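Quick notes on the structure that follows.
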Amino acid sequence: MSGLRTPLSRAKGLGSARTGSGHFIAQRVSAVALVILIPAFVWMIARLPDLSYEAARALIASPAGALVMLLTLTAAIYHMRLGLQVVIEDYIPAPVTRAGLLIVNTLIAAGLWLTALYSILVIAA
Amino acid sequence: MAPNPSRPLSPHVSIWRWHATMASSIAHRISGMANYIGAVLITAWLAALAAGPETYGVIEEVMAGPLAILVKLALFGFTLSLIYHLLNGVRHLAWDLGLGFDPEGSNLRSILIFIGAIVITGAIWLLAGGLI
């Protein structure tokens, strides 16, 4: 349909960035993973006898506990980075603020994921 | 020129009322952002747990003190937000398959998802007797 675009529109070069499908699919794939993982995650934590150091350590130190934690937090942090990116793109039009928030979103997600990963592995090892 | 009354009016921003579908759509975004904060708290909890009994002792102290009720309320809110986002998320996946676009059914499902999220969250907290 490019023939219908005005010369000004073509010169500005705005429009599809041609990378949206990947984002869309990644959001859905991580959503499907979370539909399975979140119930397991919630069930595991709800069944803790209490939130004491010993009980919490014992949960994360168990293979099932460590695996569910690793899988859930990996899928969740990935999914929420994609989700918040859409929210930022929807509501923040100012280019510098938008780019800044998108960077912060990515850095927070990466930092959270590595912190969770490291913590779980330290406890489970 | 006088406006032709048979032509459709463009939507007017200030004239609207709440719809179940609209509320559920907005709640999906808000719960998504709340879950982001929840993930930060879960990660902080894991980091404290990995750091050792002294660091984790701060959490145990808070949970034994007067602020515990606030933490539990926040955790209850996080559970509600998580379960709501999960249920409504399944609906988003159904939409991606082209299912569930009828107006009456959409309204009903919006209301059922709100009720379901509250019921399931209540059930989880009853199950989690040790944490209350």
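Things worth noting here:
- Pick from the stretch A:1-32, criterion aliphatic (A, V, I, L, M) and within 11 Å of chain B (Cβ to nearest Cβ), ranking: surrounded by the most Cβ atoms within 10 Å (Cβ to Cβ): A:31
- Any hit, the stretch B:33-40, residues being in contact (Cβ under 8 Å) with a residue 24 or more places away in the chain and open to solvent by less than 30 Å² (accessible area, probe 1.4 Å): yes
- Going through (1) modelled with pLDDT of 95 or more; (2) under 29 Å from residue B:28 (Cβ atoms); (3) facing another protein chain (nearest Cβ under 9 Å) one by one, residue A:48 falls short only on (1).
- Scanning the stretch B:1-59 for residues that are of a type in the set (Phe, Trp, Tyr), in a loop (DSSP other than H, G, I, E, B) and in contact with a helix residue (DSSP H, G or I) (Cβ under 9 Å, 6 or more places away or on another chain) yields one hit, B:16.
- Scan of the stretch B:76-113 for residues that are open to solvent by 70 Å² or more (accessible area, probe 1.4 Å), more than 14 Å from chain A (Cβ to nearest Cβ) and assigned to a helix (DSSP H, G or I), ordered by number: B:103, B:104, B:108, B:109, B:111, B:112
- When the helices (runs of 4 or more DSSP H) confined to the stretch A:33-125 are screened for residues that are under 17 Å from the mean Cα position of the chain (by Cα), among the small types (Gly, Ala, Ser) and surrounded by fewer than 17 Cβ atoms within 10 Å (Cβ to Cβ), those reaching at least 1 such residues are found at A:95-124.
The values are calculated or read from the model by the stated rules, or taken from the named source; none is laboratory data. Remember, it's a predicted structure, so these values are computed and weren't measured experimentally. Methodologically, a virtual Cβ is constructed for each residue, glycine included, from the backbone with ideal geometry; neighbour enumeration extends over all protein chains shown. The protein model used for the area step is the full one, side chains on, heavy atoms only, and it has no ligands, DNA or RNA in it. Shrake-Rupley method; radii C 1.70, N 1.55, O 1.52, S 1.80 Å.
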